[in-house]
Structures are given as C-alpha cells and as structure tokens.
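The values are calculated or read from the model by the stated rules, or taken from the named source; none is laboratory data. Being a predicted model, the structure only gives us computed values, none of them experimental. Here Cβ is always computed from backbone atoms with ideal geometry, including for glycine, and neighbour counts include all displayed protein chains.
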Amino acid sequence: MQRRQFLSVLALAAAMPTGARADADASGIVDRFAAALNAHDIAAFADLFAEEYVNHQRSAAAPPPAAGKSPKQATVDFFQARLTGIPDLRVSVETSLSAGDKAAASFLYEGAHGGPYFGVAPTGRPLRFTSCDIFRVRDGRIVEHWGMGDIAGVLAQLKG
C-alpha cells in the first residue's frame, strides 16, 4: 500500500507544472527543517542545504564562516552547537508561508540549557526563543537563507 501511495505522489509531482513543484519544495522545507532538529538528526539537517548554499544572515548569532569552511558547514556546526547546548531541544513552527521558490517561517525553540552554549556552562535553565527565517529552495534544498534570531534573548536567559 505504501509503495502505491509513493508512486502516486511521484506521478503527481511529475505532472505538476515546474512552478507548482517549486512551491511544493519550498512549502515542505519548513517542516523538514523543524523535523530534522526535533529528531536531533544532524545528517538529515545537513542534507536540507545545497552545497552552494549562501547564508545572507550576518550577526553575532551567525558570523561569517571561518576561513576554509563553507557556509553550509558553518550553519550545520551552528545548529550542532545548539543541539549540544540544548540536548532536549524542541522546535515548532509558529507560522509559515511560501510562494514560488521561497518559504518563510517563525520558529520557536525550547529546551533546557544542558550543555555549553555561546560559551556559557550548562545552567539547567529553561530556554525559549524564536527566529524568523526565509529560505530560497531549489530541488528540495535550501540554496539561500535570510534570517533573524533572538540572540539577545538567548544570552539574557543563559546568564539569567
């Protein structure tokens, strides 16, 4: 039965106009992003990003990649550090929308500070913060990102 459903979905996707497929890819990326982090599956998370990924976000939360490190690897490392610092991390999608090859979402991150995070030793304190992100998607992978995270709120909670 699952095989039949899978083949039906493939046939439907193949029949979609190209623009509709881009919409489907873009709208699904938000849920896949949250699901990979909720599963703490860093390999699945890394697979969401194209090799030519460009991160347009530049802040204390997302500094430029170190020399010799790709933007994709810098993003994966950043989220690996988040999973290390918040071992019980839960990510939910507060709201999202997609149009064409872009998807935008407000993500809510929650969990206890159980590992080193932003240079702060574990405190056990509950953490709750948000980010707003825009993704451009091609072939089911994120190729560009623009975003804002609540770094000030995170640091205030860490230092309590």
- Query: If we keep just the residues of region 142-158 that are surrounded by fewer than 18 Cβ atoms within 10 Å (Cβ to Cβ) and within 13 Å of the chain's Cα centre (by Cα), which is farthest from Arg82 (Cα to Cα)?
  - Reply: Val143
- Query: Taking region 80-123 on its own, how many of its residues are part of a helix (DSSP H, G or I), among the polar types (S, T, N, Q) and under 14 Å from the mean Cα position of the chain (by Cα)?
  - Reply: 1
- Message: With the structure loaded, tell me whether Ala112 is farther than 20 Å from Ala39 by Cβ and free of Cβ contacts under 8 Å to residues at least 40 places away in the same chain or whether it fails that test.
- Response: no
- Note on the structure: Of the conditions (1) farther than 23 Å from Asp41 by Cα; (2) of a type outside the set (Gly, Ala, Ser); (3) in contact with a strand residue (DSSP E or B) (Cβ under 7 Å, 6 or more places away or on another chain); (4) at pLDDT 95 or above, the single one that Val137 does not satisfy is (1)
- Do we have any residue at all in region 15-30 that's under 16 Å from the mean Cα position of the chain (by Cα), assigned to a helix (DSSP H, G or I), at pLDDT below 85 and farther than 19 Å from Cys132 by Cβ? yes
- Message: Phe129 - would you say it is surrounded by 14 or more Cβ atoms within 10 Å (Cβ to Cβ) and part of a strand (DSSP E or B)?
- Response: yes
